[in-house]
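Chemist: Before I ask anything, let me first share the structure, which is written out below as structure tokens.
The values are calculated or read from the model by the stated rules, or taken from the named source; none is laboratory data. Computed from a prediction, not measured in an experiment: that's the story for all the values here. No Cβ is skipped: glycine too gets one built from the backbone with ideal geometry, and neighbour counts run over all protein chains shown.
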């Protein structure tokens, strides 16, 4: 671990942890929240999908997240379509409708199919900022245009550099092979994790590192403090460790906590969880 970087893993209720964190402290919050399936999983019990239950659980937690987030900070909450409409209303209430930035759609094609309805193969990620001074670095997650000819543009070479050209309304638009292609709000390039994936921990709702890397790189700098209050398999902690971000996060499940310590420890053999705020729980 680089000098000065801190990774704080906790096994506790997230409200208890957030209560120890000072105002305006966190640079970025990413949480893969409870999806409201009403099911009991091996590692956790999900919320029942009723508006009153969703509001009772999330409203006090969102208020705490707003309090501890810096004015330049952002929050990304990942969920599926069962509760995204309710959570978005709560985010509008707490963070303000004007601070809504994106509804991101992460598409995948793994798992079973249904003959009763169109197969549900996407997650919703709601991105809100605390103010209009938020951090966003689209070039950090963009791809180069490259040599592929796109959208039937005309290819020309001038002074050894390749351009793709089109005309519209009497104007000429040029795109270099070295230009960045900025991402849309729907992502189809990151697959869901297969059971044989080498990073698989056995935790039911584990998300691919590439997904969390994209969010962290888009909305934080090296040395920033990233929080995940529904850490699960602690993939966010692993990614922060690799991308030179500080991390604080928790899960109420002791098994998840042990998975997190092992995963970060596999990256850094001398790893010991550190306490950034309050006392260790």
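Chemist: Can you tell me which residue is surrounded by the fewest Cβ atoms within 10 Å (Cβ to Cβ) among those in the range 76-90 that are more than 11 Å from residue 33 (Cβ to Cβ) and under 17 Å from the mean Cα position of the chain (by Cα)?
Modeler: Among them, the one singled out is 81.
Chemist: So, in the range 227-249, exactly how many residues are over 21 Å from residue 193 (Cβ atoms) and either surrounded by fewer than 24 Cβ atoms within 10 Å (Cβ to Cβ) or under 13 Å from the mean Cα position of the chain (by Cα) (or both)? If you could, list the steps in order and put the result at the bottom.
Modeler: Here is the first cut: in the range 227-249, the residues over 21 Å from residue 193 (Cβ atoms) are 227, 229, 244-246, 248.
Add one more test, that the residue is either surrounded by fewer than 24 Cβ atoms within 10 Å (Cβ to Cβ) or under 13 Å from the mean Cα position of the chain (by Cα) (or both), and what stays is 227, 229, 244, 246.
Qualifying residue count for the region: 4.
Chemist: Just for the range 164-200: of the residues that are in contact with a helix residue (DSSP H, G or I) (Cβ under 9 Å, 6 or more places away or on another chain) and in a strand (DSSP E or B), which one is surrounded by the most Cβ atoms within 10 Å (Cβ to Cβ)?
Modeler: Among them, the one singled out is 187.
Chemist: Name the single residue, out of those in the range 45-58 being surrounded by 14 or more Cβ atoms within 10 Å (Cβ to Cβ) and touching a helix residue (DSSP H, G or I) at 6+ places or on another chain (Cβ under 8 Å), that is nearest to residue 202 (Cα to Cα).
Modeler: Result: 47.
Chemist: Would you confirm whether or not the range 55-67 contains a residue that is outside any helix (DSSP H, G or I), in contact with a strand residue (DSSP E or B) (Cβ under 9 Å, 6 or more places away or on another chain) and assigned by TED's automatic domain parsing to the domain that holds residue 135?
Modeler: There is no residue in the range 55-67 that is outside any helix (DSSP H, G or I), in contact with a strand residue (DSSP E or B) (Cβ under 9 Å, 6 or more places away or on another chain) and assigned by TED's automatic domain parsing to the domain that holds residue 135.
Chemist: Please give the number of the condition residue 23 fails out of (1) surrounded by fewer than 17 Cβ atoms within 10 Å (Cβ to Cβ); (2) more than 25 Å from residue 239 (Cβ to Cβ); (3) at pLDDT below 95.
Modeler: Of (1) surrounded by fewer than 17 Cβ atoms within 10 Å (Cβ to Cβ); (2) more than 25 Å from residue 239 (Cβ to Cβ); (3) at pLDDT below 95, only one is false for residue 23: (3).
Chemist: Against the condition under 24 Å from residue 40 (Cβ atoms), in a helix (DSSP H, G or I) and either modelled with pLDDT under 85 or out of contact with any strand residue (DSSP E or B) (no Cβ under 8 Å at 6 or more places or on another chain) (or both), how does residue 258 come out, does it pass?
Modeler: Working: under 24 Å from residue 40 (Cβ atoms): yes; in a helix (DSSP H, G or I): yes; either modelled with pLDDT under 85 or out of contact with any strand residue (DSSP E or B) (no Cβ under 8 Å at 6 or more places or on another chain) (or both): yes.
Yes.
Chemist: Of all residues in the range 206-249, which are in contact (Cβ under 8 Å) with a residue 60 or more places away in the chain and part of a loop (DSSP other than H, G, I, E, B)?
Modeler: Taking the range 206-249 as the starting set, the residues that turn out to be in contact (Cβ under 8 Å) with a residue 60 or more places away in the chain are 207, 211-212, 214-221, 223-232, 234, 236-237, 240-241, 244-249.
Of everything in the range 206-249, those that are in contact (Cβ under 8 Å) with a residue 60 or more places away in the chain and part of a loop (DSSP other than H, G, I, E, B) turn out to be 207, 220, 221, 223, 224, 229, 230, 231, 232, 234, 244, 245.
Chemist: Right, another one. So which strands (runs of 3 or more DSSP E) are wholly in the range 87-162 and hold at least 3 residues that are within 30 Å of residue 28 (Cβ to Cβ) and touching a residue at least 40 places away in the same chain (Cβ under 8 Å)?
Modeler: 100-107, 122-129
Chemist: Need the failing condition index for residue 68 against (1) surrounded by fewer than 21 Cβ atoms within 10 Å (Cβ to Cβ); (2) touching a residue at least 60 places away in the same chain (Cβ under 8 Å), just the number.
Modeler: That leaves (1) as the condition not met.
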